[in-house]
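Chemist: Mind looking over this structure? Questions follow.
The values are calculated or read from the model by the stated rules, or taken from the named source; none is laboratory data. Since we're looking at a predicted model, the values are computed, not measured. All Cβ positions, glycine included, derive from the backbone under ideal geometry; neighbour counts span all protein chains shown. Just the protein is used for accessible areas: all its heavy atoms, side chains included, with ligands, DNA and RNA removed. Shrake-Rupley method; radii C 1.70, N 1.55, O 1.52, S 1.80 Å.
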Amino acid sequence: MNTIFRTATAAAAIALTGLSAAADPAANKDIALGLLEQGLAKGDRDYIMTHVAEGYIQHNPQAADGREGLLGFVGFLESLDPPVSINPVRVIADDDFVVIHQEAEFFGPKVIIDVFRFEDGKIAEHWDSIQETVTETASGRSMTDGATEITDLDKTDKNKALVTALVTDVLMKGEIDKIDRYIAPGYMQHNPFVSDTRDGLKGFIAYLGENNISFWYSDLHNVVAEGNFVFTQAEGVYDGTPTAFYDIWRVEDGMIVEHWDAVQGIPTEFAHENGMF
């Protein structure tokens, strides 16, 4: 009896441990937003000490690794004039990952997509892609406006599969003829250099080919989805330069209807040994 009791108690403890360690997407969103708005923009080191793991893994090229490296980066941010400011626009959570699409003041206006990975309720890893804000765009849309409401939570897996297939077939394999399978005719575009509509996307890809401007995705590193929004993190090449491609796609009725991104050239020098991915 004692052996059985101990075994049952251990099993219950393991089950409870699993429950306590399970991802809490809503809480993770709040913590990630707090890191940007409170920890970084306001220099709240206590917030960082509380919510960031000591062994925090950093992929931003300019910030040193670890929680101590992040604290040091806060000191750098505090020296900026004008000071850093952050305006989150979209927040997506999926299991242990949170993606934040934001407008920021950081050496001038920027559009940034941050990715945070959580472990045991703390931020354990961070990636981002940072792009200069472009105000005169091909579509007339800004780089961040458009839909923000998360819907269709029951279709998260289906939408994730759809976007993964688009990236794999069209952007990695170059099967341009499959665009109609994934992209809606009235597709809304927020990449500043690409026109609206599905035909606008086709025209941009054709322009690149006609002018020998290299463009492809070589590796798809992560896919994060919540309802109608799907984020993909990829690397590849643009105009001969190794590039990080961070894309956010909105899906409606089984087709991709809207797209945002932040595209950054991959530097050759880093403040750590983790690379951008």
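Chemist: If you take the charge dipole of the chain about its Cα centre, with +1 on Lys and Arg Cβ and -1 on Asp and Glu Cβ, which of N28, L153, H221 is farthest toward its positive end?
Modeler: In the chain, that residue is L153.
Chemist: Is the shape of the chain best called rounded, prolate or oblate, per the rule: a/c under 1.5 gives rounded, else a/b larger than b/c gives prolate, else oblate, with a ≥ b ≥ c the square roots of the Cα gyration tensor eigenvalues? Don't skip to the end; give the middle numbers.
Modeler: Values: a/c = 2.00, a/b = 1.34, b/c = 1.49.
In terms of gyration-tensor shape, oblate.
Chemist: When the Cα centres of region 216-277 and region 136-154 are compared, how far apart do they sit, in Å?
Modeler: 16
Chemist: Of M143, A206, W127, whose Cα points farthest to the positive end of the dipole of region 119-225 (charges on the beta-carbon: +1 Lys, Arg; -1 Asp, Glu; origin at the Cα centre)?
Modeler: In region 119-225, that residue is A206.
Chemist: Carbon and sulfur: what percent of region 215-259's accessible surface (1.4 Å probe)?
Modeler: Working: 620 of 1390 Å².
The nonpolar share, carbon plus sulfur, comes to 45 percent.
Chemist: Taking a cut-off of 30 Å between Cα atoms, list the lysines near K29, but don't count ones fewer than 8 places away on the same chain.
Modeler: K42, K110, K122, K155, K158, K160
Chemist: So what does W216 come to for accessible area, using a 1.4 Å probe and Å² rounded to 10?
Modeler: Counting only protein heavy atoms, W216 exposes about 120 Å² to solvent.
Chemist: Rounded, prolate or oblate, given the Cα gyration tensor of region 91-135, with a/c below 1.5 counting as rounded? Write out the running numbers ahead of the final one.
Modeler: On the way: a/c = 3.63, a/b = 2.46, b/c = 1.48.
Note, shape of region 91-135 comes out prolate.
Chemist: Take D30 and D120, extend 7 Å from each Cα along the Cα→Cβ direction, and tell me the distance between the two endpoints in nm.
Modeler: 2.1
Chemist: Here is a further query. Report the equivalent ellipsoid semi-axes for region 119-277 in whole Å, largest first, defined as the square roots of five times the eigenvalues of the gyration tensor built from alpha carbon atoms. Don't skip to the end; give the middle numbers.
Modeler: Values: eigenvalues 106, 93, 49 Å².
Computed over region 119-277, the values are 23, 22, 16 Å.
Chemist: Tell me the per residue accessible area of region 51-183 using a 1.4 Å probe; a whole number in Å² is fine. Intermediate results must be reported in sequence, preceding the final value.
Modeler: Details: 5980 Å² over 133 residues.
Heavy-atom accessible area per residue stands at 45 Å².
Chemist: Where in region 114-153 does the label zone of I213 land, with the point 7 angstrom along Cα→C-beta and an amide N cut-off under 19 Å?
Modeler: Inside the label zone: 130-143.
Chemist: Report E132's accessible area, 1.4 Å probe, all protein chains in place, as a number in Å² to the nearest 10.
Modeler: Number for this one is 110 Å².
Chemist: Further question: Roughly how many nanometres apart are two label points built 7 Å out from the Cα toward the Cβ at D157 and D145?
Modeler: 3.8
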